[in-house]
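In what follows, a structure is listed as structure tokens, so that the remarks can point back to it.
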Amino acid sequence: MTYPLVSVIIPLYNAEAYIKESIASVVEQTYQKLEIIIVDDGSSDNSVEVAKSVEDDRIKIYQQQNKGVSTARNYGIELAKGTYIQFLDADDLIEAT
């Protein structure tokens, strides 16, 4: 059986205090056929550095000038390769399955 790829899109803006735990909540899922697309929307804190500190080949980080969360989500959709898309705010968690 072939399982579909799920694209998890995380728009990121000044969420240094939360992003590591948010990413961990995705990485630790039992369903592993995931790509994690983080779109930094011009953060002025260390959010990107914190995100880069999480080592997982499924994580891809893209940066853009600040254009707002909707633009960051739309950019993530353009980059997504998954059959399904899951949005996750940078200060939220996905409950473990």
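The values are calculated or read from the model by the stated rules, or taken from the named source; none is laboratory data. These numbers come from a predicted model, not from an experiment. Glycine also receives a Cβ, built like all others from the backbone with ideal geometry; neighbour counts cover every protein chain displayed. Quick note on the areas: whole protein, heavy atoms, side chains included, nothing else; ligands and nucleic acids left out. Shrake-Rupley method; radii C 1.70, N 1.55, O 1.52, S 1.80 Å.
Applying the criterion of being touching an Asp or Glu at 6+ places or on another chain (Cβ under 6 Å) and within 24 Å of residue 32 (Cα to Cα) to the residues of segment 48-71, the residue that is least open to solvent (accessible area, probe 1.4 Å) is 48. Is one or more of the residues making up segment 4-13 of a type outside the set (Ser, Thr, Tyr), assigned to a helix (DSSP H, G or I), modelled with pLDDT of 95 or more and surrounded by fewer than 15 Cβ atoms within 10 Å (Cβ to Cβ)? No; the residues of segment 4-13 include none that is of a type outside the set (Ser, Thr, Tyr), assigned to a helix (DSSP H, G or I), modelled with pLDDT of 95 or more and surrounded by fewer than 15 Cβ atoms within 10 Å (Cβ to Cβ).
What about residue 16, is it closer than 18 Å to residue 62 by Cα and open to solvent by 20 Å² or more (accessible area, probe 1.4 Å)? It is true that residue 16 is closer than 18 Å to residue 62 by Cα and open to solvent by 20 Å² or more (accessible area, probe 1.4 Å). Each residue in segment 72-97 was checked for being modelled with pLDDT under 95 and open to solvent by less than 90 Å² (accessible area, probe 1.4 Å), and 1 of them qualify.
Of all residues in segment 20-50, those being within 9 Å of the chain's Cα centre (by Cα) and not charged (D, E, K, R) number 7.
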